[in-house]
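Engineer: Mind looking over this structure? Questions follow.
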Amino acid sequence: MLLVRHGRTPTTGLILPGRAPGLHLSDEGRRQAEAVARRIARLPGVAAVYTGPLERARETAAPIARARRLRVRVERGLNECDVGAWTGVTLGRARREPEWQLVRHHPSGFRFPQGESFTEMQARVTAALARLVERHPGATIVAVSHADPIKAVVAHALGLHLDLFHRIALAPGSITAIAYRPGAPLVLTVNALDGDPTGLAMR
């Protein structure tokens, strides 16, 4: 499973966009999507390309699918966390909210007002990936999603408590690879970036 974080948007690192429609990749984000597509084009045996339903994820998946001559399949389970009433809130304002300490240090005990809990998000995304693995046994597949869902998947695969998932760094346009096999999954790489094997080029 190649988990791709969508490319950068004009609000990345500034606003919690949640599931609000109409947010597209920036010019840099489109370049990141093309770079990911070139990397994945070199891999053997990619059988399918899936994406969450939001524009920024679909726009990242499109060049990958073109490079592999596959169609993009939308999987709603790969969607961004539903941040409910926090949709559109700036990160600066979110950090001033009393609940922010829960978000950062005890996410397993937090639910976004009128939205989703991190625990529900993790269960949703891991269940979606399990369906894809069952659908494509033994194959390599691409799943384009968002930072928090992918970090939650990595935590689950590593056997980490969800409260630790913010310790995982994922840059826009990065690839995380997990091999699902009988028994425990095997995390092959996290936050792999083109030309940056250290994963330090976060911004």
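Engineer: Over the range 36-145, consider all pairs of different Cα atoms and compute the Kirkwood hydrodynamic radius from their mean reciprocal separation; express it in Å, one decimal.
Structural biologist: Evaluated over the range 36-145, this radius sits at 15.6 Å.
Engineer: Give the angle, between 0 and 90 degrees and rounded to the nearest 10, that separates the Cα long axis of helix 118-135 from the longest principal axis of the Cα atoms of the chain.
Structural biologist: 10
Engineer: Between Leu186 and Ala139, with labels modelled 7 Å along Cα→Cβ, what's the label distance in nm to one decimal, could you check?
Structural biologist: 2.1
Engineer: Past the 14 angstrom mark, what percentage of all C-alpha to C-alpha distances in the range 82-137 do you count?
Structural biologist: 62
Engineer: Also: Let's test the formula: R0 of 35 Å, r as the Cβ-Cβ distance of Gln101 and Arg66. What FRET efficiency results, to the nearest 0.05?
Structural biologist: On the way: r = 43 Å, r/R0 = 1.24.
That gives a FRET efficiency of 0.20.
Engineer: HN-Hα J couplings of the range 11-27 from phi, Karplus 6.51/-1.76/1.60, θ = phi - 60°, integer Hz, Gly and Pro as x?
Structural biologist: In residue order, the calculated couplings are 10, 4, x, 10, 9, 8, x, x, 9, 4, x, x, 9, 10, 5, 7, 4 Hz.
Engineer: With a Förster radius of 30 Å, plug the Cβ-Cβ distance of Ala47 and Ala94 into 1/(1 + (r/R0)^6) and report the FRET value to the nearest 0.05.
Structural biologist: After rounding to 0.05, the efficiency reads 0.20.
Engineer: Still on this model: Calculate the length of the line joining the C-alpha centroid of the range 7-28 to that of the range 124-196, in whole Å.
Structural biologist: 21
Engineer: Further, regarding this structure: Compute the signed sum of charges (Lys and Arg +1, Asp and Glu -1) over the other residues within less than 11 Å, Cβ to Cβ, of Val144.
Structural biologist: For residues surrounding Val144, the net value is +2.
Engineer: Using only Cα atoms, tell me the angle between helix 147-158 and the longest principal axis of the chain; keep it within 0 to 90° and round to the nearest 10.
Structural biologist: 70
Engineer: With a cap of 16 neighbouring Cβ atoms within 10 Å, and only residues DSSP puts in a loop, list the GluC sites (Glu not before Pro) found in the range 15-103.
Structural biologist: Here the sparse-neighbourhood loop sites are Glu99.
Engineer: Moving on to the next point. What are the radius of gyration and Dmax of the chain, computed over its Cα atoms and given in Å?
Structural biologist: Spelled out, the Cα radius of gyration and Dmax of the chain are 16.0, 48 Å.
Engineer: Evaluate the distance, in nm, between pseudo-label points positioned 7 Å from the Cα of Ala20 and of Ala130 along their respective Cα→Cβ axes.
Structural biologist: So the label points at Ala20 and Ala130 sit 3.4 nm apart.
Here, each number is a calculation from the coordinates, and none is a lab measurement. Here the structure is a predicted model, which is why all the values come from computation and not from measurement. Note: ideal-geometry Cβ built from the backbone for every residue, glycine included; neighbour counts use all protein chains shown.
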